[in-house]
Amino acid sequence: MTRVPSDADADVLVIGGGIIGLAVAWRTAQRGLRTVVVDPSPGGGAAKVAAGMLAPVTELQYGEEPLLRLGLASNQRYEAFAAELSEASGGRDTGYRQCGTVAVALDSDDREELRELHAFHRRLGLDSTWLTGREARRLEPMLAPGVRGGLHVADDHQVDGRRLLTALRAAAEHAGVAVRPAEAVELLVEGGRAVGARLSTDGTVTAGQVVLAAGPHSHRLAGLPEGVLPAIRPVKGQVLRLRIPDAYRPFLSRNVRAVVRGQHIYLVPRENGELVIGATTEEQGYDTTVTAGGVYELLRDAHELVPGITELPLLETSAGLRPGSPDNAPLLGPTSLPGLVAATGHYRNGVLLTPVTADLVSEYLATGELPALAQPFTPTRFSSDRSTAKALA
Ligand code: GLY
């Protein structure tokens, strides 16, 4: 069911050409819908900065079981998604790597927290193994001697967000998606329905359905009626990229993470020798400045975990904005404005949730049916008018 006015420019207009927008567009075009993506810098957004850890189990938060189901579903799809994407993009490598993750504790309070997380994993039937400090260091000899124990989660993996973006754009264009480097400056609404957008380049794109996938900018689109979308807050993350010289390899064989002084720190070693260290969590608006304080905190905390990092060349510092919804879960599917569909608000999980988001949202766009897995995440949970969207679902 495409509900396309015959004279529209496209069946689907996707506003936002980051990882989510490109993946939704790729899947939508594969289903035979004429699809246009607009973005001032296609292939940018948070995934360009992200470490790309695929960690639904080690990042599990209490009370977020529906999000866990979504994350596990996406993680399970990743291998096939990466293989299909590689083929569809002319053989591009996505950096998908099945490496597992260790989450470790640096003091007895951290260890107690990890023990509780481990018990929670066990209650939910998740694959998670308790490690003594010695066992953790046997798996990862570069860990600090002071590591007090931790968890090994064999199914939490990694992918390279930058390579994924490049491959997604190529695959989307190959499938027929038109990627237009322009900003959507206003949502066009006619007769109580979203019908397209006006662009910064002066023209308009009209479409049967409009997907809002503009991360933390989604709710700021002019013309969006009040109450349709909650504010998506920008949550800054600063990230470092180091290089592991050949002589030091294997430096780490798995993702390594910990919570140090209440901050998440993780080290993601790529097969090509890049080591990504992330990430700060800062709520300061749309600023993406890399600060001395942010870099200092990351290096200090990573050094407590893996002292040998100070020997490695530092290649790059960067900062991106995670799109945080009011409950930190994504917004997927129809909004209360007919014709407007959301694929945004993925907060810390955008890279992880890309395959499942693309499948669920493209299914809705093609059939008008929102799959059950997406229903806890409908944007109408925040809407001041739930009735219209309920009728649409
Ligand atoms: N998923 C990791 C982060 O947002 O920092």
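The values are calculated or read from the model by the stated rules, or taken from the named source; none is laboratory data. Note that the structure is a prediction, hence the values are computed from the model and not measured. Note: ideal-geometry Cβ built from the backbone for every residue, glycine included; neighbour counts use all protein chains shown. Surface areas here come from the heavy atoms of the whole protein model, side chains and all, with no ligands, DNA or RNA. Shrake-Rupley method; radii C 1.70, N 1.55, O 1.52, S 1.80 Å.
Brief remarks on what is shown
- Cβ pairs under 7 Å, 6+ apart, first in the range 154-167 and open to solvent by 10 Å² or more (accessible area, probe 1.4 Å), second hydrophobic (A, V, I, L, M, F, W, C): ASP155/VAL57; HIS157/LEU54; HIS157/CYS99
- On inspection, GLU87 fails the criterion of being without any contact (Cβ under 8 Å) to a residue 12 or more places away in the chain and over 30 Å from VAL24 (Cα atoms).
- In the range 262-282, the residues that are under 19 Å from LEU143 (Cα atoms), near the ligand (Cβ under 10 Å from one of its atoms) and in a loop (DSSP other than H, G, I, E, B): ALA279
- Of all residues in the range 35-59, those that are within 11 Å of the ligand (Cβ to nearest atom) and out of contact with any Leu (no Cβ under 9 Å at 6 or more places or on another chain) total 1.
- Of all the numbered requirements in (1) within 20 Å of THR344 (Cα to Cα); (2) touching a Gly at 6+ places or on another chain (Cβ under 8 Å); (3) open to solvent by less than 60 Å² (accessible area, probe 1.4 Å), LEU240 misses one, and that requirement is (1).
- When the strands (runs of 3 or more DSSP E) confined to the range 283-386 are screened for residues that are open to solvent by 20 Å² or more (accessible area, probe 1.4 Å), those reaching at least 2 such residues are found at 314-324.
- Within the range 168-197, being free of Cβ contacts under 8 Å to residues at least 24 places away in the same chain and of a type outside the set (Asp, Glu) holds for one residue alone: GLY191.
- Taking the numbered list (1) within 16 Å of the ligand (Cβ to nearest atom); (2) open to solvent by 20 Å² or more (accessible area, probe 1.4 Å); (3) assigned to a strand (DSSP E or B); (4) modelled with pLDDT of 95 or more in turn, VAL259 passes all entries but (4).
- Selection within the range 109-140: residues that are in contact (Cβ under 8 Å) with a residue 40 or more places away in the chain and under 24 Å from ILE309 (Cα atoms). The member of this set that is surrounded by the fewest Cβ atoms within 10 Å (Cβ to Cβ) is LEU139.
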